[in-house]
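The values are calculated or read from the model by the stated rules, or taken from the named source; none is laboratory data. Given the structure is predicted, the values throughout are model-derived calculations rather than measurements. As a convention, Cβ positions derive from the backbone with ideal geometry for all residues, glycine included, and neighbour counts pool all protein chains shown. SASA here: full protein model, heavy atoms, side chains in, ligands and nucleic acids out. Shrake-Rupley method; radii C 1.70, N 1.55, O 1.52, S 1.80 Å.
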Amino acid sequence: MARTLCVLLHANGLCKDVWTPFAQSLARLLRVDLHPEKHRRPEVLSWRLGGIQLVSMDLRGHGQASTMQVENSHIEAEDWMAYVHQLEEMLEEFVQEMPVQESQALGQRRFSKMFIFEPMYLFVEEKVSKMVGVDFKHLRLNPLVAKTLRRKSVWATRDEACKDLSQKQFFAAWDSGALQAYFQGGLIGDAPTRLACNPQTEAAVFCSGVPATLLETLRKPDGLQHCSLNVTIGQRDTLWNMPVAEEIFGRLEPSAKLSVVDGSHMWPVESPAACAATVADSFGWCAPSGSR
């Protein structure tokens, strides 16, 4: 059976495990069984559901992946490229494990379709930042960064950490399964227990912003090598809006499909079933005929 490889990447500060409820919801939607698969890398989760293979991975500085060197609350461009190299290495491993016909197809075109929800664009350039009221000249004073650096990151026990985090407003609207998955992959140790992604790393990613070269690539008609792109934003978010999406992705060919859902910036972990349905529709996935 031909396989479709789908890679899931988590948001800054989270971990690979938060995609577990999404995988479960997608399997129910497509009416197929979900089969977890072990992988030799601890920072990788993999599931098979019918002809689809889902792969979720901890990015550097998160979960069980290697840490990042952070200096002066800043991440250099080469560190951003390390994310790319990490992804490419993982993809190469899966390509080698696939049947010849499938690996050749994947090698010729790494991604044919892409779904992204409110990708981080902040602090890339002044024009875009002004569109959502972000002070481009004082990035380290931004409330998002300041709030991250004030975050508690160490607790005496795992139970104490889970209880404390469960009471935070940030997690109030999370799906319960996603929250438990975050506790599993986003916390390290039992006594003491600490955040797998420390606040300094998370803040540094926010402060540094996406390299300008990436924005330049997105503004070229063939920047994504004709990958079909769906960009979705939440209508209850204040850092994203349709004009921003059009400014960043409006020049791509084929044209990026822009859509709005009823959710906040954390919609994928707040409503994993709705997210799975939206992704399935975007990719043209549906339940096999005759399935129950």
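Backbone amide hydrogens, once placed in the peptide plane, bring VAL260 within less than 5 Å of ILE233, excluding anything fewer than 5 places away on its chain. Packing around the peptides 83-93, 191-201, taken as the average count of other Cβ atoms within 10 Å per residue, puts them in this order, highest first: 191-201, 83-93. Distance check, please: which entries in LYS38/LYS257; LYS147/LYS257; LYS16/LYS163; LYS16/LYS168; LYS130/LYS220; LYS130/LYS163 exceed 30 angstrom between their Cα atoms? Table pairs above 30 Å Cα-Cα are LYS38/LYS257; LYS147/LYS257; LYS130/LYS163.
Net charge within 10 Å of GLY234 by Cβ-Cβ distance, Lys/Arg positive one each and Asp/Glu negative one each, not counting GLY234 itself? Could you put the intermediate results ahead of the total?
On the way: positive: ARG236; negative: GLU118, ASP237, ASP262, GLU270.
That sum, taken over residues with Cβ under 10 Å, equals -3.
Exposure check, 1.4 Å probe, all protein chains in place: TRP47 carries approximately 10 Å² of accessible surface.
Between the amide H of THR4 and those of ILE52, GLN53, distances stay under 5 Å, these residues lying 5 or more places away or on another chain, with hydrogens modeled in the peptide plane.
Here the label points at ALA156 and ASP222, each 7 Å from Cα along the C-beta direction, are separated by 6.3 nm in the simple model. Here the spin labels are modelled as points 7 Å beyond Cα on the Cα-Cβ line, and at THR238 and HIS39 they lie 3.6 nm apart.
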